[in-house]
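Each remark here refers to the structure printed beneath this line.
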Amino acid sequence: MRNARLQVSPEVGSWLDRRSSKAGDRTTAELVAAKRGTRVSVVIPARDEEATVGAIVTAIREELYGVLVDEILVVDSHSTDATAEVAAAAGADVVAQDAVFPGLAGLPGKGEALWKGVAATSGDLVVFVDGDLHDFTTGYVTGLLGPLLTDPSVAYVKGFYHRPLGTEADGGGRVTELVARPLLNMFWPELAGFVQPLAGEYAGRREVLESIPFVANYGVEIGHLIDLLELRGLDALAQVDLGHRAHRHQSTQALGRMAGQIMQTLFDRLQRYDRLVTAVPPATTLAQFQRGASAGGVERELVLTDLTSPERPPLNSLALRHTA
Ligand SMILES: O=c1ccn([C@@H]2O[C@H](COP(=O)(O)OP(=O)(O)O)[C@@H](O)[C@H]2O)c(=O)[nH]1
Ligand SMILES: O=C(O)[C@@H](COP(=O)(O)O)O[C@H]1O[C@H](CO)[C@@H](O)[C@H](O)[C@H]1O
């Protein structure tokens with residue numbers, strides 16, 4: 001530890017010891033023995049992932065399907081490429097995001113895709129895997145299933161990994177390091193032990209996932225963590241070392257918009273859980289400047305984004321059921 005004077009809280013220190021594990025800690029045979037009658041679904045949210053989703057589905061299909069995984073669903077999130085066709089050809093079930101609850105006005109966003117992915121699957125356990133991973137291994141899935149199949153007191157498991165960015169071994173996770181981690185440490189220090197709080201690979205028990213709201217956009221991950229801490233307690237959460245993760249990286253401008261959605265969600269939770277009540281609510285419009293046309297007195301294009309982060313209610317609060 002760099003500064004011996006500073007320490008994480010005893011609660012976080014204890015949690016780190018008890019609720020952190022490695023993907024290789026449990027063999028597939030142990031997991032199969034523990035699985036018994038438990039059904040497992042994998043949900044892959046995919047917007048324009050034709051280049052990567054096929055290999056992910058193929059690996060799960062060939063190595064885990066029928067053994068540890070009973071269902072693979074790709075949620076086609078308004079793709080403009082051949083994501084749906086590639087996923088189906090690789091052996092996944094595919095559903096268009098707006099085809100789930102067609103009577104409900106659809107929302108754009110990753111969280112919407114995940115919420116509808118839970119609704120459109122039947123597994124007792126649901127594993128979420130991003131569709132843009134470059135070097136996916138099925139160890140991500142078996143690693144996340146480990147705590148859930150072997151410890152009934154665990155409700156939700158986040159993956160963590162080294163995240164290379166270009167030649168920087170741990171340069172990835174820019175929004176995590178610059179926005180989510182500092183804010184979580186400031187306002188929810190109980191969550192300081194999560195190595196990758198925004199990790200896109202995670203898993204949970206269906207009854208838990210159907211009991212929490214899903215922020216429709218990129219706020220979904222931070223919203224889950226905060227809601228689960230408040231509603232289930234830190235000890236219901238765990239994390240697993242999945243090694244390293246390479247994925248398609250977005251531009252800084254795109255991550256600025258993502259960061260805005262994440263901060264909107266965090267400030268909403270600060271109010272919701274009475275941790276910080278602001279006299280003036282955060283504004284919801286993000287102004288960014290890009291090369292291009294001139295705007296006013298600056299030789300930049302002014303790009304405005306609405307950061308309003310709608311959320312879907314817990315599925316168990318709705319009478320809706322998705323029929324394939
Ligand atoms: O509206 C959206 C935005 C993202 N995604 C998917 O969610 C995952 C993570 O999104 P992204 O790669 O954009 O985030 P990053 O990993 O760069 O933070 C990917 O599989 C995307 O295809 C989605 O299904 N719908
Ligand atoms: O962790 C992060 O900072 C962002 C961006 O990662 P990179 O800087 O592109 O490696 O990626 C995550 O954040 C999103 C919002 O929570 C998740 O939806 C993504 O799955 C996750 O990759």
Self-check item: Every pair of residues 6+ apart whose Cβ atoms lie under 6 Å, when the first sits in region 34-53 and is within 21 Å of Pro108 (Cα to Cα) while the second is open to solvent by 40 Å² or more (accessible area, probe 1.4 Å) and among the charged types (D, E, K, R)
Solution: Asp48/Asp81; Glu50/Asp81
Quiz item: Of the residues that sit in region 151-168 and are in contact with a Lys or Arg (Cβ under 9 Å, 6 or more places away or on another chain) and of a type in the set (Gly, Ala, Ser), which one is farthest from ligand 1 (Cβ to nearest atom)?
Solution: Ala155
Self-check item: Candidates Ala51, Ala89, Ala120, Ala23, filtered to the one that is open to solvent by 20 Å² or more (accessible area, probe 1.4 Å) and out of contact with any Asp or Glu (no Cβ under 9 Å at 6 or more places or on another chain)
Solution: Ala89
Quiz prompt | Candidate set from region 90-115 (those that are more than 28 Å from Leu64 (Cβ to Cβ) and among the aliphatic types (A, V, I, L, M)); member that is nearest to ligand 1 (Cβ to nearest atom) | solution = Leu107
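Across region 98-117, what is the total count of residues that are more than 15 Å from ligand 2 (Cβ to nearest atom) and either crowded, with 24+ Cβ neighbours inside 10 Å or closer than 27 Å to Pro164 by Cα (or both)?
1
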Quiz item: Scanning for something part of a helix (DSSP H, G or I), more than 16 Å from ligand 1 (Cβ to nearest atom), surrounded by fewer than 21 Cβ atoms within 10 Å (Cβ to Cβ) and among the aliphatic types (A, V, I, L, M), does region 176-194 turn up at least one residue?
Solution: yes
Quiz item: Which residues, taken from region 143-159, are surrounded by fewer than 21 Cβ atoms within 10 Å (Cβ to Cβ) and not in a loop (DSSP other than H, G, I, E, B)?
Solution: Thr150
Quiz item: Which residues, taken from region 123-142, are open to solvent by less than 10 Å² (accessible area, probe 1.4 Å) and more than 14 Å from ligand 1 (Cβ to nearest atom)?
Solution: Gly123, Leu125, Val126, Val141
Quiz prompt | Residue satisfying all of: in region 302-312; assigned to a loop (DSSP other than H, G, I, E, B) and open to solvent by 50 Å² or more (accessible area, probe 1.4 Å); farthest from Ala105 (Cα to Cα) among these | solution = Thr308
Quiz item: When you look at Leu255, is it of a type in the set (A, V, I, L, M), at pLDDT 95 or above, away from ligand 2 (no atom under 12 Å from the Cβ) and surrounded by 14 or more Cβ atoms within 10 Å (Cβ to Cβ), yes or no?
Solution: no
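The values are calculated or read from the model by the stated rules, or taken from the named source; none is laboratory data. Since this is a predicted model, take the numbers as computed values, not measurements. Ideal geometry is used to build each Cβ from the backbone, glycine not excepted, and the neighbour counts take in all protein chains shown. Remember, those area values only see protein heavy atoms, side chains included, never the ligands or the DNA or RNA. Shrake-Rupley method; radii C 1.70, N 1.55, O 1.52, S 1.80 Å.
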